[in-house]
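Quick note: the coordinates plus some simple rules give every number you see, no bench work behind them. Computed from a predicted model, the values in this text were never measured in an experiment. Note that we place each Cβ from the backbone using ideal geometry, even for glycine, and neighbour counts take in every protein chain shown.
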């Protein structure tokens, strides 16, 4: 098979497999605070901190078919760009999840996010752009597109810019079936061969 036919076959296969890409929930948890009194996130002026180290957080990972009882998570302090004004931009950060034995199972890195505080409903900490989700059993980055995360904030307390919330969580991505990820890596080689041949 000449290089032109090979490139065409690879492109056709890539389009067919990419068409079967599906949005998938990577991981989720329900609000772990037993009565809404233990905060998961705290805004103190121009800093947002978050984490959970107590019992009660069950991290469910539908993409791998696993769940982790009494999981915990931590987040480095994130800069709140305009405290007391919402929605506000947040600086870069990293969120790390661990199982009950302190083994890392999920990490989310983001270049920016938003914090939107409303009086009724839809209060959230959201990352949609330049989000990278990695972890045990999660498809490699080349097989994921449109990675996002969202913490639905509830049980708000305090007044801006000193607030605290409990939270539920979900992160998702469009998962490209593995053969397409491989083809994406091979396609530049086919293209270069076509130009040379």
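What is the P(r) of the range 38-176, as percent of Cα-Cα pairs per 5 Å bin from 0?
2, 10, 20, 23, 20, 14, 8, 3, 0
Pairs of Cα atoms under 8 Å, at least six residues apart: use those to get the relative contact order of the range 38-176, whole percent.
Once divided by the residue count of the range 38-176, the mean separation gives 21 percent.
Report the gain in length on full extension from residue 66 to residue 154: 0.36 nm times residue separation, minus Cα-Cα distance, nm rounded to one decimal.
Result for the pair: 29.1 nm of gain on full extension.
Does anything in the range 60-89 have its amide N under 20 Å from the 7 Å Cα→Cβ label point of residue 111, and if so which residues?
Those under the cut-off are 76, 78-82, 88-89.
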